[in-house]
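Okay, so here's the structure we're looking at.
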Amino acid sequence: MTDKHPGGRPRKFKSVEEMDVAIQDYFDDESKNYPYTMTGLALSLGMSRRTLSNYSHDDEFLPSIKQAKQFVENMTAQRMIEGKGWGPGHIFVLKNNYGWKDTQHLEAKVDINEYSDAAREVLDRLPDDNSGSIPS
């Protein structure tokens with residue numbers, strides 16, 4: 001690790017231990033009256049969210065940033081489950097920042113006899129090898 005960011009500015013935190021203390025201070029602050037966020041953590045650390053994210057590109061700082069991010073994700077999910085805050089906002093944050101997804105499993109059963117004559121002609125021309133190309 002170098003003592004400077006790629007842009008040449010000096011790093012705010014010279015050691016992981018120093019950053020870990022500051023991160024823990026953010027999470028331990030009981031006077032906070034708002035939910036934990038990565039942006040809130042960044043502000044508490046005196047930097048932008050992007051700068052905080054840049055620390056995660058350093059293998060030395062990655063575990064600390066990853067753990068903080070998992071803590072914020074967990075707290076966001078808990079608030080959503082408990083009905084605290086705005087539900088769609090929680091869903092937006094979890095999907096866009098933590099890779100959560102909505103998935104649906106659809107199953108369809110189709111009777112070939114229900115197709116029109118034109119559709120049946122196309123289906124009849126499909127190859128048996130499932131290659132997906134329709135012969136002309």
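Here are some notes:
- Straight Cα distances below 12 angstrom link Lys12 to the aspartates and glutamates Asp3, with same-chain residues fewer than 8 positions distant left out.
- Judged by the mean number of other Cβ atoms found within 10 Å, the most tightly packed of the peptides 101-107, 67-73, 48-54 leads the ranking 67-73, 48-54, 101-107.
- As a rough footprinting exposure proxy, the listed residues Asp20, Asp28 were ranked by other beta carbons within 10 Å of their own, and the order from fewest upward is Asp28, Asp20.
- Reachable aspartates and glutamates from Lys95, criterion Cα separation under 13 angstrom, eight or more residues apart if same chain: Glu73
- Full-stretch length increase - Ser53, Ser116 - with 0.36 nm per residue and alpha-carbon distance subtracted: 17.1 nm
- Overall form of segment 16-98: prolate. Here a/c, set by the Cα gyration tensor axes a ≥ b ≥ c, is 1.5 or more, and a/b is the larger of a/b and b/c.
- Computed E for His105/Ile81 - FRET, C-beta separation, R0 25 angstrom, nearest 0.05: 0.65
Every read-out reported here was derived from the displayed coordinates using simple, explicitly stated rules and does not represent laboratory data. On a predicted model such as this, the values are computed, not experimentally measured, just so you know. Cβ coordinates were reconstructed from backbone atoms using ideal geometry, including for glycine residues, and neighbour counts include every protein chain displayed.
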